[in-house]
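Since the structure comes first, as structure tokens, the remarks are kept for the end.
The values are calculated or read from the model by the stated rules, or taken from the named source; none is laboratory data. Since we're looking at a predicted model, the values are computed, not measured. Cβ: placed from backbone, ideal geometry, glycine included. Neighbour counts: every protein chain shown. Ligands, DNA and RNA are excluded from the accessible area calculation, which covers all protein heavy atoms including side chains. Shrake-Rupley method; radii C 1.70, N 1.55, O 1.52, S 1.80 Å.
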Amino acid sequence: MARFAKLAAGILGAILLIALGLAIFVRVVLTEERLKAALLPKAEEALGRQITVGRMQVGLLTGIAVRDVAVKEADGRTDFIRVGAVLLRYDLGRLLKREVLITELRLVAPFVRLVRSPQGAFNFDSLALLAAASDKPAPAAPAAPPAAPLALSIRRLAVESARLEIRDGQQQLPATDVSADLDLGVDLGPRPAAVRLVGQLRLAATATCGQLAPRLEATLSGSDQALDLAGQLQLGEE
């Protein structure tokens, strides 16, 4: 019994040392300043836009939180995309088994503004990644996708108070405002064909064109196997 007690104590001590080492690594190495220095320049180079981030917090057990993210317009002043917060929580035990279980991925108050100038240029035309993609030769026919190296599941994907704004300087597209909320469970499986979805999407959209301002409110719920759509379209008093 004494040997078993020593063995159990040794295993427990090793586990505690590993946990302590991981905690120290997260606290000392994955600091907010180092994360910003490592990630922001690459992201700005890929987009060709200035990116601002408020806070970045990484916890071994609590997950990752990034707050007040904004991708600027080409002028560097107004926001092209912004997100109030990106919150990611995961199952550490599953990660050690080469299985990624994201217990929650939540976007809080994401906002996208699409604008076309009177000259016909959209505000996303100058993104560096679009220019790089247009310079590449046409890809060959894709081969069968390989199996994912890690099993990935997202228990909950939530988007709260999302907003999309569309404005057209050429007056060909209606001025459109869309708000949406999404609550979705995702199981990606080992291959793309094995994706399974279940959840609900609620949205409201208003498109103003001259004196007309139709409004649509809709709720889409169900899974990849069956969907239910309920909605209401309002035009004036109708």
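Computed from the C-beta positions of D79 and A226, the FRET efficiency with R₀ = 41 Å rounds to 0.60. With the cut-off at under 13 Å, measuring from each backbone N in segment 48-78 to a point 7 Å along the Cα-to-Cβ line of S117 picks out 74-76. With Cβ to Cβ distances under 13 Å as the rule, what net charge do the other residues near D79 carry (K, R +1; D, E -1)? With Lys, Arg at +1 and Asp, Glu at -1, the neighbours total +2. Per-residue accessible area (protein heavy atoms, 1.4 Å probe) orders I64, I102, I166 as I64, I166, I102, starting from the largest.
The heavy atoms of R55 offer some 120 square angstrom of accessible surface to a 1.4 angstrom probe.
Modelled spin labels at Q234 and L129, positioned 7 Å past Cα toward Cβ, are 3.7 nm from each other.
FRET efficiency for the E104 to E217 pair, using the beta carbon distance and R₀ = 22 Å, is estimated at 0.25. For the pair Q57 and R163, a Förster radius of 25 Å applied to the C-beta separation gives a FRET efficiency near 0.50, rounded to the nearest 0.05. Charge tally for R116 (other residues, Cβ to Cβ under 11 Å; Lys, Arg +1; Asp, Glu -1): -1. Across the protein chains, with a 1.4 Å probe defining accessible surface, the residues E237, E217, E165 rank E237, E217, E165 from largest area downward.
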